[in-house]
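What follows is a single structure, written as structure tokens, with notes after it.
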Amino acid sequence: MESLQSIQGVSLTHNMMEDLARMTAPWPEGKIFVIFDENTFHHCWPLVRGFRPLNENRFVILKSGEANKSIDQVIRAWELLGTNEIDRSSMIINIGGGMLTDLGGFLASTIKRGVAFINIPTTLLAMVDASVGGKSGFNFRGLKNEIGVIREPQHVFIHLPFLRTLAPQEVLSGFAEMLKAGLIADRNLWNDLKGFDPEAWDEVRLSDLVWRSVLVKKRIVDADLHETGLRKALNFGHTIGHALESEALRRGNPVPHGYAVAWGMVFEAHLSGLRLGLSDGAIREITDVVNKFYGPVPAELIDSDLLISWMRSDKKNSDNQLNFTLLGDIGTCRVNCIATEEEIRSLLSR
Ligand code: GLY
């Protein structure tokens, strides 16, 4: 591989076309299918399309947007893939953000009981989180990623130039998952992220920070792909974050995933103080960094009853218990921490 950085299953590449040509060489042209959404077909495919000639009959262009992460799109794509004679020796290339790599991974994992697939994430969130680790699926009955499977891609190619067209809000949304990676497992990464300005666009520094964040995620999923224990570390900030995200969506005023996670990390840092003795200094530091990048949590989202009921419907929680990953210190965490409803209420009313 000519990549800048590479480990088993993931590369950070500045030679996207060469690396992709090499990786897909064993598959004849007629066996390769490409899944995009409308945006990535127009904005990202031009950066890749020269890697080898492909038959455009085998392109599947999905509708973009979280509302389209649905069974209807899955059925439409299954039909297109079937009509164009996908078989078990085919290869699917998914090009897009987290919604697309989640849907494309699900399609690849289910059609013909599973074909090989490559993820090419085009948003920061997908690069550092969604495209790595094999979680895939779609939303159902109003619940995010309610139906899905865990099955890893053959490879993930991370190519920073895709990010140049993203809105600053989208970059910041992915940046929150990088902050999380530092907080749960790598204090040096956290320290370097704290002083970084994602909007200043220093691609060399950003690629180093992206790669170190991916290494945190990959190390965790390699140890616990099916989330029986350690992988829950990646849920730091997400128990409350998902509830905030769902509540914002219900109010018709959605917030980007990463913003909700960042605000969730502040609440869960406070809970870490209560439960694991995370120091006041560390809690203040986390709060200041999140405020600097994301501002304070919108007051209208803080409705304890509603947030607790969202948490109860989250698949992270079972047996009527609310499950958290909490920090013992910056850079170390503990999974399966249970908090009572009273503790969460007191946290939300601070
Ligand atoms: N996004 C969290 C995980 O992949 O487990």
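The values are calculated or read from the model by the stated rules, or taken from the named source; none is laboratory data. All of these numbers come straight from a predicted model, not from anything done at the bench. Virtual Cβ from ideal backbone geometry, glycine too; neighbours counted across all protein chains shown. Heads up: the accessible areas ignore ligands, DNA and RNA and are worked out on the full protein's heavy atoms, side chains in. Shrake-Rupley method; radii C 1.70, N 1.55, O 1.52, S 1.80 Å.
Segment 1-48 and segment 186-259 have Cα centres lying 24 Å from one another.
In a fully extended conformation the segment linking residue 350 and residue 21 would gain 113.0 nm over its present Cα-Cα distance, using 0.36 nm per residue. Label separation (residue 341 vs residue 113): 4.6 nm, computed from points 7 Å beyond Cα along the C-beta direction.
For the chain, relative contact order (Cα pairs under 8 Å, six or more residues apart, normalised by length) works out to 13 percent.
Scoring 85-91, 10-16, 153-159 by mean Cβ neighbours within 10 Å over their residues and listing the highest first yields 153-159, 10-16, 85-91. Treating cross-link reach as a plain straight distance, find the lysines whose alpha-carbon is under 26 Å from the alpha-carbon of residue 316, omitting any fewer than eight places away in the same chain. Within reach: 69, 135, 144, 180, 217, 218, 232. Neighbours of residue 306 by Cβ distance under 10 Å: Lys/Arg scored +1, Asp/Glu scored -1, total -1. Rolling a 1.4 Å probe over the protein heavy atoms gives segment 62-137 an accessible area of 32 Å² per residue.
Counting charges near residue 114 (Lys, Arg +1; Asp, Glu -1) among other residues having Cβ under 13 Å from its Cβ returns a value of +2. For the chain, the longest principal axis of the C-alpha atoms and the axis of helix 98-110 are separated by about 60°. Protein heavy-atom surface of segment 213-298, 1.4 angstrom probe: 53% of the accessible area is carbon and sulfur, with nucleic acids and ligands not counted.
Tally the DSSP beta bridges in the chain and give the antiparallel ones as a percent, rounded to 5. Here the share of antiparallel DSSP bridges comes out near 45 percent.
The order of the peptides 56-69, 296-309 by mean Cβ neighbours within 10 Å, most packed first, is 56-69, 296-309.
With a Förster radius of 22 Å, plug the Cβ-Cβ distance of residue 169 and residue 308 into 1/(1 + (r/R0)^6) and report the FRET value to the nearest 0.05. Calculated value: 0.20. Compared with the dominant Cα axis of the chain, that is its longest principal axis, helix 280-294 is turned about 50°. In the chain, the longest principal axis of the Cα atoms and the axis of helix 238-250 are about 80 degrees apart.
Obtain the radius of gyration and the Kirkwood radius of segment 1-91 from its C-alpha atoms and give Rg over Rh. Ratio of gyration radius to Kirkwood radius for segment 1-91: 0.99. Just so you know, the Cα atoms of the chain work out to an Rg and Dmax of 19.9, 60 Å.
Protein heavy-atom accessible surface, 1.4 Å probe, per residue over segment 147-238: 38 Å².
Calculate, for residue 70 and residue 315, the FRET efficiency according to 1/(1 + (r/R0)^6) with r their C-beta to C-beta distance and R0 25 Å; round to the nearest 0.05. For R0 = 25 Å, the calculated efficiency reads 0.90. Computed extension length for residue 332-residue 57: 94.1 nm, one decimal, from 0.36 nm per residue of separation with the Cα-Cα distance subtracted. What FRET efficiency, computed as 1/(1 + (r/R0)^6) with R0 = 35 Å and r the Cβ-Cβ distance, is obtained for residue 43 and residue 250, rounded to the nearest 0.05? For residue 43 and residue 250, the calculated efficiency is 0.70. With the largest listed first and rounded to whole Å, the semi-axes of the equivalent ellipsoid of segment 239-350 from the Cα gyration tensor are 20, 18, 12. Distance between the 7 Å Cα→Cβ label points at residue 151 and residue 87: 1.8 nm.
For segment 66-145, the relative contact order works out to 33 percent when only alpha carbon pairs closer than 8 Å and six or more residues apart are counted.
Over the chain, DSSP H runs of length four or greater, each weighted -39,500 (n - 2.57), average out per residue to a 222 nm ellipticity of -14000 deg cm²/dmol.
The fraction of all Cα pairs in segment 127-220 landing in successive 5 Å bins from 0 to the largest distance is 3, 12, 22, 21, 19, 13, 7, 2, 0, given as whole percents.
Max-minus-min Cα coordinates of segment 178-329 on each principal axis give 44, 33, 30 Å, with the largest extent listed first.
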